[in-house]
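Just so you know, all these numbers are worked out from the coordinates, no wet-lab data involved. Because the structure is a prediction, the values reported are computed rather than measured. Backbone-built Cβ (ideal geometry, glycine too); neighbour counts: all protein chains shown.
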Amino acid sequence: MTRLGRLPNEIILLILRGFTRQELYECALVNRSFHSVTTPLLWATITLVTKDHAAILDDHLPLLGQYVRSFDVMGSYATDDTLLYFLEQIPLLQHLSLFSGSRITDISILLVPCYCRHLTSLYLVNTNGITQLSFEAIGQHCRHLRNFGLQEQAQGSSSSLSPSLFAALECCPLEKLSLGYFHDDTNWACLEKGMADLSRMSDLTHFALWNAPPSFVHCLLTTVRWPKLTQLAINGLPGVDLDEYAVNNDSVNIDCFGEFLQAHPHLSGLDLRGSKITYHLLSIISACLPELTNINLSHCTSVSYDGVYELVTRCPCLTSVHLMFCGLSSGMFPNLLDTQLDNEFQLNKKAINEIAGKSPAYDDYDEDDVDTQIRGKHWSAMFGTLR
């Protein structure tokens, strides 16, 4: 015990790395050194859900608020006054998330930049009392904000999104942006009008879009070009039409999606869960994204074995393919983890290498010819020759 008391805090911190919250509580009782190191870890993230949570925070934040870096507010208990009361006691807050904050309005959000001068991440879910006034205040004063998420503006809510939303956030050095699950099509239409402003967010490396209508997806794919983009998620991507000029209410044309991928060759992560994925689309992905390392195709019921085979044999950097609930049998793929089930599995690096190594057709591709065709516009014709 004496030797433990002499350990430097840096060594104790290394020992505690990866410990669960319960294990940290136990370590806090070892001695004063362990207690001083574990306390900031235990209070780095706090959650407010009910009145009981508020009472606990009220007792401890005056002394421990300096350690809080992440604050999650969930449910309808919190009001503007409650939020501001606790934010005042968290001077170094970096991450703020509001989930279903139906009683949170502009009254408190307008003051967030004043209370949270170190804010780098803001996530708003179903916070219908927040209007463009708050977004403009955030854009003007949260100069460290790098991660912003906005989801689930309910239909018939008291406020709707403005076409100027993206323009208001342009002054923030945003690197990660997440949008989606808006129940009112008016919100999507408003955001579509601000697509030119969205395209000017040139520092974006991560972008996620959830359940957007085809018209918005089409506008996004044809308008924006982000040179630093490495991670893209489009949940529920509409079907990709093989007609070069097709643009309708149910699909996004294949040229549109292909040219977007071609303009973002540094994409290493792609999440298309719940989308209509065909062999042709996977061929486009494998041809355009040489640096792709992981792709999520979970709940993509139109995925075929041939499409997955094309993907893993043509993407040299690929290390993970998520195929949960795609209707494919894990028996088709070798070397899966023992814990994976028939309809809930992923291809790991070992399985991918095994499949790629057994590909007799891989050496038959003329890579120079493929590269030439990739630069062309007729995607459907190109992938007809590759098949």
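Amide H to amide H under 5 Å from residue 149: which residues, 5+ apart in sequence or cross-chain, H placed 1.01 Å off N in plane?
Those qualifying (amide H under 5 Å, at least 5 residues apart or on another chain) are 122, 123, 124, 178.
Could you go through the range 300-317 in sequence order and give the Karplus-derived ³J(HN,Hα) for each residue, using 6.51 cos²θ - 1.76 cosθ + 1.60 with θ = phi - 60°, rounded to whole Hz, and x for Gly and Pro?
For the range 300-317, the Karplus curve yields 9, 6, 8, 5, 10, 4, 4, x, 5, 4, 4, 5, 6, 8, 10, 10, x, 9 Hz.
Zone of residue 211 (label point 7 Å along Cα→Cβ, backbone N under 19 Å): which residues in the range 98-137?
Within reach of a label on residue 211, which here means backbone N under 19 Å from a point 7 Å along Cα→Cβ, the range 98-137 contributes 98-102, 123-129.
Near the amide H of residue 94, under 5 Å away, which other amide H atoms are found, from residues 5 or more places off or on another chain, if H is placed in the peptide plane?
70
Among 56-64, 271-279, 141-149, how do they line up by average Cβ neighbours within 10 Å per residue, starting with the highest?
Most protected by this proxy first, the peptides run 271-279, 141-149, 56-64.
Work out, step by step, the length gained on full extension between residue 13 and residue 118: first 0.36 nm times the residue separation, then minus their alpha carbon distance; give nm to one decimal.
Working: separation 105, 0.36 × 105 = 37.80 nm, distance 2.38 nm.
So the extension gain works out to 35.4 nm.
What's the extension gain from residue 143 to residue 196 if we count 0.36 nm per residue and subtract their Cα-Cα distance?
Gain in length upon complete extension: 16.9 nm.
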